[in-house]
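A short write-up of the structure that comes next.
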Amino acid sequence: MTIGLLKESGEENRVALLPESVKNLISLKVSIWVESKAGEKAFASDEDYEAAGAKICGRAETLQADVVLGIQQPLDSEIDSLKESQVLICLFQPLSNKILVESFLKKGITTFSMDNVPRTTRAQAMDILSSMATVAGYKAVLLAASHSPRFFPMFMTAAGSIIPSKVLVLGAGVAGLQAIATARRLGAVVEAFDVRAAAEEEVKSLGAKFVKVEGAQDDKGAGGYAVEQTEEYKAKQQALIQEHAKKSNIIICTAQIPGRKAPLLITEDTVKNMASGSVIVDLAASSGGNCQLTENNKICLKEGVTIIGDSNLPSSMPMDASKMYGKNMVNFLKLIISPEGDLNLNWDDDIVLNTCVTHQGQIQSSRVKSILY
Ligand code: NAD
């Protein structure tokens, strides 16, 4: 069996497998074809891939492998050129990409989306969402610190005392918790808010204060994810966040609901009430943003506040982000490759079934089916 590794295009700096992951896969008795310069932006050369046992190919040949891997989806025309027997594995975000899912159905190809991996204990080693959220939460704080006109830690110097920055983290999932830990390590005073009651303990264990709004809906059937809240709750939440935001120097926004527009937590009015020089980093920018004034993929200064809209911060740390992505990918591939090195799709395995978007013209993932149709 052959596995093809695509070079990412545009602004994407990561690669789905680094040479170390290629080496690991070759021990599974598969051949790896790597598109020339695939690892260049993640500091892995064609020679490094060759030394790991891969063959360097052109793009057209790579796209003919039995299993084709990438991060961002290939061009529509390239997807169109795939055969029904081929498997394509990327981060497709199928819950907000119905047109793409329909094109897969029409082609009859097998597609797996790594953002579909169930958030279960057994699937943890393949959980690319958690890996990338870890990178994003960490980098968001560094970015905020470098755009802030103030120190993060407290200083007592001969030139006087500097009070520590106040950081407010909205959404305490994987990215939010990493942001809290990073901001604390830099010496900031940190508060965090989430609609999930379970987040309170995790926030406190990292030394941050939990901002609590009573009356949140927590749906046990949502697999640990947040669910849409009532209008009454949203109004209470808005008022409390406004109060805390006014006193914060930095806000890190990470609140998301899979397949939905991101919740609006910071209104224009809230931004107007923040101190000049404050910084907002909005990781939910691509799904509408948690801040009303966020512009996706832009850094802008509004009402004296720097607002950074970036949902692809993992791409700005391509070396370690690719390392984590590749390790998760190899662990997933081990589930669908037999010891003889053949493709083995076991639909009784919940991880295989639910990570799969389409197979032979059918949607496999129950989550994709229920949210899209
Ligand atoms: P996410 O990226 O979907 O959302 C980020 C955070 O935003 C979540 O904590 C969510 O509750 C919060 N949020 C949503 N709407 C909000 C609102 N209106 N106000 C404030 N906060 C809001 O989440 P994630 O980081 O991918 O994690 C989602 C869940 O999955 C968590 O419960 C996490 O613990 C769980 N998880 C489990 C595993 C595992 O068991 N293997 C792995 C990773 C994550």
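The values are calculated or read from the model by the stated rules, or taken from the named source; none is laboratory data. Since the model is a prediction, treat every value here as computed from it, not as a measurement. In this analysis, Cβ positions are derived from the backbone assuming ideal geometry, glycine residues included, and neighbour counts consider all displayed protein chains.
Before moving on, here are some points about what is shown:
- Condition broken by ALA172, with the remaining ones in (1) surrounded by fewer than 24 Cβ atoms within 10 Å (Cβ to Cβ); (2) part of a loop (DSSP other than H, G, I, E, B) satisfied: (1)
- Segment 352-368, residues that are farther than 22 Å from ALA65 by Cβ and either in contact with a strand residue (DSSP E or B) (Cβ under 8 Å, 6 or more places away or on another chain) or of a type in the set (A, V, I, L, M) (or both): LEU353, ILE363, SER365, VAL368
- ALA226 vs. criteria buried (at least 18 other Cβ atoms within 10 Å of the Cβ), modelled with pLDDT of 90 or more and within 14 Å of the ligand (Cβ to nearest atom): no
- Where ILE371 falls short, out of the listed (1) under 25 Å from ILE71 (Cβ atoms); (2) buried (at least 20 other Cβ atoms within 10 Å of the Cβ); (3) in contact with a Leu (Cβ under 6 Å, 6 or more places away or on another chain); (4) of a type in the set (A, V, I, L, M, F, W, C): (2)
- Long-range neighbours under 8 Å by Cβ, at least six apart or interchain, first residue under 15 Å from ALA179 (Cβ atoms) within segment 236-265, second acidic (Asp, Glu) and within 13 Å of the ligand (Cβ to nearest atom): SER248/GLU191; CYS253/ASP282; ALA255/ASP194
- Summed over segment 132-151, the residues that are assigned to a helix (DSSP H, G or I), away from the ligand (no atom under 16 Å from the Cβ) and either of a type in the set (Phe, Trp, Tyr) or touching a residue at least 24 places away in the same chain (Cβ under 8 Å) (or both) give a count of 5.
- Search result, residues across segment 263-287 that are at pLDDT 95 or above and within 26 Å of ILE99 (Cβ to Cβ): ASP282, LEU283, ALA284, ALA285
- Counting only helices (runs of 4 or more DSSP H) that sit wholly inside segment 256-373, those with at least 1 residues that are within 15 Å of the chain's Cα centre (by Cα) are 318-336.
- Of the candidates LEU129, LEU88, the single residue that is under 23 Å from LEU335 (Cα atoms), in contact (Cβ under 8 Å) with a residue 12 or more places away in the chain and not in a helix (DSSP H, G or I) is LEU88.
- Single condition ARG122 does not satisfy, out of (1) surrounded by 15 or more Cβ atoms within 10 Å (Cβ to Cβ); (2) near the ligand (Cβ under 10 Å from one of its atoms); (3) charged (D, E, K, R): (1)
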